[in-house]
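Okay, so here's the structure we're looking at.
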Amino acid sequence: MSIELYNFSQSTCSIKVRLLLAEKKLPWIDKCLVSSENQHLSDWYLKLNPNGVVPTLIDDGQSIFESTAILEYLEDKYDKISFRPKDPILCSQVRAWLVFTDVWPTPAVRVPSFQYGGLREKFKVMSDQTFKALRNKRPLKVEFYESFDKNHGFHLSEVYNSFKVLLRSFKRMELLLEKFSGPWLFGKKYTIGDIAILPTVDRLEDLGFDALWRLAYPRVADWLRNAQERDATKKTFYHGSRLSHQFPNLVRGAGSNDKIVGKFLNSID
Ligand SMILES: N[C@@H](CCC(=O)N[C@@H](CS)C(=O)NCC(=O)O)C(=O)O
């Protein structure tokens with residue numbers, strides 16, 4: 001039986017899973033959905049993933065969802081090339097990092113992605129009625145879609161709150177890189193801990209917010225360069241999978257939003 005992955009090209013959670021599939025050199029069938037077509041909210045998809053989000057992996061006819069659960073599943077089932085430490089203590093530390101990543105930076109990056117990444121362009125052209133109907137169809141994300149204005153996006157305080165969470169996450173990364181002496185978060189071996197956070201850091205760089213770590217956390221900058229140089233990473237970030245590919249007029253890559261970061265950094269103690 002073959003592996004299938006329902007995903008969006010640009011989705012950070014989908015990229016997490018695509019990265020591990022590429023690292024493990026596993027063949028898979030790309031069931032790429034288009035976010036603006038909202039197939040992820042249709043009845044057939046909700047039967048595969050009741051959360052109404054991507055990614056969803058199908059293996060042996062079974063549906064597996066939640067990107068971190070998918071990473072663990074792939075590690076359990078396809079362990080020839082492994083990205084999870086065997087040592088139980090180190091493995092528990094990687095798992096603690098996976099939980100941290102799911103709870104803090106992954107939701108936080110949605111705010112700048114929507115605000116500056118072109119994702120809300122599709123909402124501007126929608127009638128209020130259509131926007132509301134699609135919002136209410138979302139099994140988990142109703143409140144998130146209520147938290148911004150369809151035409152104007154998020155309040156600046158929300159953007160700054162997400163930056164605060166992201167700064168805290170980069171500080172954690174810097175500490176891990178120091179503690180385990182790099183080049184990866186948990187030492188010499190690249191793990192699912194690195195894979196879980198890479199799409200978020202790459203997204204922020206693509207949006208031009210790399211000044212959040214460039215000066216204060218130099219180990220994070222080196223880590224990102226090394227991770228982006230991996231063959232599996234280059235393969236996974238194919239053309240169309242970064243927001244700068246999809247919205248070149250709005251998203252301009254590394255260094256392009258230094259002014260916004262400067263204002264934010266000046267606003268905090
Ligand atoms: N906790 C979930 C989050 C998945 C998620 O939020 N996916 C986003 C793309 S990164 C999505 O499908 N969004 C659809 C929407 O907002 O309607 C996971 O890790 O799989």
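The values are calculated or read from the model by the stated rules, or taken from the named source; none is laboratory data. Note that the coordinates shown come from a computational prediction; the quantities given were computed from them, not determined experimentally. Virtual Cβ from ideal backbone geometry, glycine too; neighbours counted across all protein chains shown.
Within the stretch 56-74, if we keep just the residues that are polar (S, T, N, Q) and within 12 Å of the ligand (Cβ to nearest atom), the residue that is surrounded by the most Cβ atoms within 10 Å (Cβ to Cβ) turns out to be Ser67. For first residues located in the stretch 51-69 and closer than 14 Å to Trp28 by Cα, partners that are acidic (Asp, Glu) and lie 6+ apart or on another chain with Cβ distances below 6 Å form the pairs Ile58/Glu4. Residues in the stretch 44-82 that are of a type in the set (S, T, N, Q) and not in a strand (DSSP E or B): Asn49, Asn51, Ser67, Thr68, Ser82. Would you mind finding the one in Pro107, Pro50 that is farther than 17 Å from Gly193 by Cβ, within 10 Å of the ligand (Cβ to nearest atom) and out of contact with any strand residue (DSSP E or B) (no Cβ under 6 Å at 6 or more places or on another chain)? Being farther than 17 Å from Gly193 by Cβ, within 10 Å of the ligand (Cβ to nearest atom) and out of contact with any strand residue (DSSP E or B) (no Cβ under 6 Å at 6 or more places or on another chain) holds for just one of Pro107, Pro50, which is Pro107. Does the stretch 27-43 contain any residue that is free of Cβ contacts under 8 Å to residues at least 40 places away in the same chain, in a helix (DSSP H, G or I), in the same structural domain as Leu71 (by TED's automatic domain parsing) and away from the ligand (no atom under 13 Å from the Cβ)? The answer is yes; a qualifying residue exists. Does any residue of the stretch 147-165 turn out to be in a helix (DSSP H, G or I), closer than 17 Å to Val201 by Cα and within 16 Å of the ligand (Cβ to nearest atom)? Yes, the conditions are met somewhere in the stretch 147-165. Is it true that some residue in the stretch 37-55 is among the charged types (D, E, K, R), surrounded by 15 or more Cβ atoms within 10 Å (Cβ to Cβ) and more than 22 Å from Tyr190 (Cβ to Cβ)? No, because not a single residue in the stretch 37-55 is among the charged types (D, E, K, R), surrounded by 15 or more Cβ atoms within 10 Å (Cβ to Cβ) and more than 22 Å from Tyr190 (Cβ to Cβ). Candidates in the stretch 1-26 are the residues that are part of a helix (DSSP H, G or I) and more than 16 Å from the ligand (Cβ to nearest atom); of these, the one that is farthest from Val251 (Cα to Cα) is Glu23.
What's the number of the only condition in (1) assigned to a helix (DSSP H, G or I); (2) surrounded by 18 or more Cβ atoms within 10 Å (Cβ to Cβ) that Arg214 fails to meet? Arg214 satisfies all of (1) assigned to a helix (DSSP H, G or I); (2) surrounded by 18 or more Cβ atoms within 10 Å (Cβ to Cβ) except (1). Of all the criteria given as (1) in a loop (DSSP other than H, G, I, E, B); (2) at pLDDT 95 or above, the one not satisfied by Ile195 is (1).
Of all the listed residues (Ser157, Ser127, Ser92), the sole one being of a type in the set (Gly, Ala, Ser), under 25 Å from Tyr45 (Cα atoms) and surrounded by fewer than 13 Cβ atoms within 10 Å (Cβ to Cβ) is Ser127. Of everything in the stretch 221-269 that's basic (Lys, Arg) and assigned to a helix (DSSP H, G or I), which residue is nearest to Leu176 (Cα to Cα)? The selected residue is Arg225.
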